[in-house]
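Here is the structure we will look at.
Coordinate-derived values only; no laboratory data. These numbers come from a predicted model, not from an experiment. Note that each Cβ is placed from the backbone with ideal geometry, even for glycine, and that neighbours are counted across all protein chains shown.
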Amino acid sequence: ARVLDIARRLSLRVGTLGQRDDDEEEEEEEEEGCERHREPLKVFCREDLALLCLICRESRAHRAHTVIPAHEALREYQGQLQARLQTLKDDREKLLELREAEMRRNW
C-alpha cells in the first residue's frame with residue numbers, strides 16, 4: 001500500500017510537471033516536501049520504501065541505505081506494478097474461462 005501511494009504521488013508529480021510553470025512547481029514541492037526540513041523529496045530509499053529530501057538522505061538513519069532518484073523509482077515501480085497487474089488480469093481471464101466451462105458442463 002505504501003509503494004502504491006508513493007508511486008501514485010510520484011506519477012502525479014511527474015505527469016503534471018510539464019503542465020505547470022516554475023512558480024506552481026515550487027509551491028507543490030513545498031506542499032509535498034519533507035515534513036521535517038521543508039525540502040523537496042528528491043530521492044527514494046529502497047530499504048525504507050520512502051521518499052526523502054537531500055538533508056534526510058545524509059542523516060545517520062539513511063546514510064548507509066541504497067537510494068535512487070525519485071523519477072527512477074517511479075519508473076521501476078510502475079513497471080513492476082504493470083507486470084503484476086497483467087499477471088492478475090491473465091489469472092482472472094483463466095478463472096472466468098474455467099467458470100464458464102464449468103457452468104456449461106453443469107447445464
For VAL43, list long-range residues whose amide hydrogen, built 1.01 Å from N in the peptide plane, is under 5 Å from its own amide hydrogen. LEU52, ALA70
Label model pair ARG36, ASP48: point-to-point distance (7 angstrom along the Cα→beta-carbon line) in nm is 0.6
